[in-house]
Amino acid sequence: MLILGIESSCDDTAAAVVEGGRKVLSSVVSSQDDIHSLYGGVVPELASRRHIEMIVPVVDEALKRASVTMNDIDAIGVTQGPGLVGSLLIGLSFAKSVSYVKSIPYVGVNHLEAHPLAPFLYEEGEEVTEPDFPHLALVVSGGHTALIRFDDYTTSRVIGQTRDDAAGEAFDKVGKMLGLGFPGGKAIDIAARSGDPKAVDFKRTYLGKGNLEFSFSGIKTGVHTYLSNLGHEPSEQEKNDIAASFQEAVVDVLVRKLKWGAEAAGVSTIVAAGGVACNSRLRAKLSEMADREGLRLLLAPPKYCSDNGAMIALLAWQRLEKGERAGLDLNAIPNWDLL
Ligand code: KG4
Ligand code: ZN
């Protein structure tokens, strides 16, 4: 079965052609960073306008790179939520139109549930990673930070999430404070490599031993206060030190909470996915923790950490296999929280 996966929940227009649910024949992502970096954050109206312009060329490119045409596609998977409503509606309307015109089924999927399936995608010639359910996934992105227990591909339950900001949001805001541009996550990762993670002791917010909720608003304020009290423009080295210290504090919390979560859920396999899972320090410290604790760690490959159509196609495949079909009345769910 060939599935076309479509993702347009935030500021990336993405499409992928996936065979048999997990083999990625093509994955195309058109980033909108050039537009939103001018404003230091995603401007919803501009995002939906760019999705309208890009959805057809991005899907065309995905079909071309997979050496197929729309006539070869058996079904479509599309992000139904959560996300920006105007952005979601572009992908959803496109999926409905193609489904109707070509008489092929489509389903809408939850973006958060799709992110942690990324480790199970593979391309021709790549090693195939098999899931061993149940497992616990840490999803860390620009909009969400959550611990999700998976009993199989489509049965999941959130056992902890953020009370305020997402980890990626904190990275982006601190990146902005340090003048590193938007989005700030990758820039902080790079700056931190030349900085001292012990330079500033930013407070780690654990909310009590064993607590599985997250809070990142305090550390954002902590960095802001530190910069205000500095009394001068930070030098390049000071910026690198602040980036490294901030990153270390966020990573320490994420790693420890995933460990606590695995204990609470009684699982021996852990997954990390979402844009922030690209972070090199997080990947290194998760590997150390997993080795120490005897856990099997599955890290989403960097190319599928950020938003993409392939993870959407994978989850859609599972739902289609179970006989699910969406009607043309399916609506976007911008605040679709997993339970
Ligand atoms: O999953 P994603 O592409 O989109 C959402 O669903 O939100 O995640 C985007 C987030 C942004 O906040 C970005 O700054 C962050 O992922 N990010 C990183 C890194 N690369 C992307 N954060 C830390 N380190 C990175 N290397
Ligand atoms: Zn995402």
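The values are calculated or read from the model by the stated rules, or taken from the named source; none is laboratory data. These figures come from a predicted structure and were not determined experimentally. A quick note on method: Cβ atoms are made from the backbone with ideal geometry, for glycine too, and the neighbour counts reach across all protein chains shown. Areas reflect the complete protein model, heavy atoms only, side chains present, ligands, DNA and RNA absent. Shrake-Rupley method; radii C 1.70, N 1.55, O 1.52, S 1.80 Å.
Taking the criterion of being part of a loop (DSSP other than H, G, I, E, B), surrounded by 14 or more Cβ atoms within 10 Å (Cβ to Cβ) and not acidic (Asp, Glu), would at least one residue in the range 219-232 satisfy it? Scanning the range 219-232, I find no residue that is part of a loop (DSSP other than H, G, I, E, B), surrounded by 14 or more Cβ atoms within 10 Å (Cβ to Cβ) and not acidic (Asp, Glu), so the answer is no.
Pairs meeting the criteria (first residue in the range 67-85 and in a helix (DSSP H, G or I), second residue more than 16 Å from ligand 2 (Cβ to nearest atom), beta carbons under 7 Å, at least 6 apart or on different chains) are MET70/LEU63; MET70/VAL98; MET70/LYS102; ASP72/LEU2.
Residues in the range 283-321 that are over 15 Å from PRO131 (Cα atoms) and within 16 Å of ligand 2 (Cβ to nearest atom): PRO302, LYS303, TYR304, CYS305, SER306, ASP307, ASN308, GLY309, ALA310, ILE312, ALA313, ALA316.
Only residues that are of a type in the set (Gly, Ala, Ser) and open to solvent by 30 Å² or more (accessible area, probe 1.4 Å) were counted across the range 132-152, and they come to 2. In the range 24-46, what residues are in contact with a strand residue (DSSP E or B) (Cβ under 6 Å, 6 or more places away or on another chain) and either over 30 Å from LYS173 (Cα atoms) or away from ligand 1 (no atom under 14 Å from the Cβ) (or both)? Scanning the range 24-46 gives VAL24, LEU25, SER26, VAL28.
Does any residue of the range 153-165 turn out to be open to solvent by 10 Å² or more (accessible area, probe 1.4 Å), basic (Lys, Arg), part of a strand (DSSP E or B) and in contact with a His (Cβ under 8 Å, 6 or more places away or on another chain)? No, the range 153-165 has no match at all.
Do we find a residue being open to solvent by 60 Å² or more (accessible area, probe 1.4 Å), within 26 Å of GLY181 (Cβ to Cβ) and in a loop (DSSP other than H, G, I, E, B) anywhere in the range 92-112? Among the residues of the range 92-112, not one is open to solvent by 60 Å² or more (accessible area, probe 1.4 Å), within 26 Å of GLY181 (Cβ to Cβ) and in a loop (DSSP other than H, G, I, E, B), which makes the answer no. What residue, of GLU124, GLU130, GLU113, is within 16 Å of ligand 1 (Cβ to nearest atom) and either more than 14 Å from the chain's Cα centre (by Cα) or in contact (Cβ under 8 Å) with a residue 40 or more places away in the chain (or both)? Selected residue: GLU113, the only one of GLU124, GLU130, GLU113 that is within 16 Å of ligand 1 (Cβ to nearest atom) and either more than 14 Å from the chain's Cα centre (by Cα) or in contact (Cβ under 8 Å) with a residue 40 or more places away in the chain (or both).
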